[in-house]
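Below is one structure, written out as structure tokens; the observations come after it.
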Amino acid sequence: MGVICPCGVIVNATKQRENVKFDGVRGTITGNLTYLADVCVTTLASSTLSLAFDDTETPNQFSFLFTANAITSVTCVREGQNCVVTVKGTGTIGMQEFSFEATFRDQVAQAANDIVQSFVINGFFNQNGAVPVAQGSIVALGCQTL
């Protein structure tokens, strides 16, 4: 039996044809997002998080892979029956390092989509609002009511 994570998130989510924003670029760019995360507050050093963007509007011009290299903060907040997990840290795109903040919402209701509430790579990228993803693709850990 493994150790129970008191606060974290497991994410394996995709969203097709999403309009996102890039710092210094007018308007939005359309593409596909892939979010992956395995994060726990008690094992930050071994936690992983990445975001891939596949530019479908101007192919490959804005495509990137962001990979966290240091997760510095994880918070879990219960909102009703749902759980909101915010992850902060730094990561890289190629050789450039950026700070980031990502907020994931695990919706309990089976009929409701899970939501990537925000994903901001400071000075580079903003997913431009909440992005609904398939139910079950975000699993919050540690938001149980006492």
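The values are calculated or read from the model by the stated rules, or taken from the named source; none is laboratory data. In this text the structure is predicted, and so the values were computed from the model without any measurement. Counting neighbours? That spans all protein chains shown, and the Cβs are built from the backbone with ideal geometry, glycine included. In case anyone asks, the SASA skips ligands and DNA or RNA and just uses the protein heavy atoms, side chains included. Shrake-Rupley method; radii C 1.70, N 1.55, O 1.52, S 1.80 Å.
Structural remarks
- Of THR75, THR30, all but one fail to be touching a residue at least 40 places away in the same chain (Cβ under 8 Å), β-branched (Val, Ile, Thr) and closer than 26 Å to ALA112 by Cα; the exception is THR75.
- Filtered by the rule that a residue be farther than 13 Å from SER47 by Cβ and open to solvent by less than 30 Å² (accessible area, probe 1.4 Å), the stretch 83-92 gives CYS83, VAL84, THR86.
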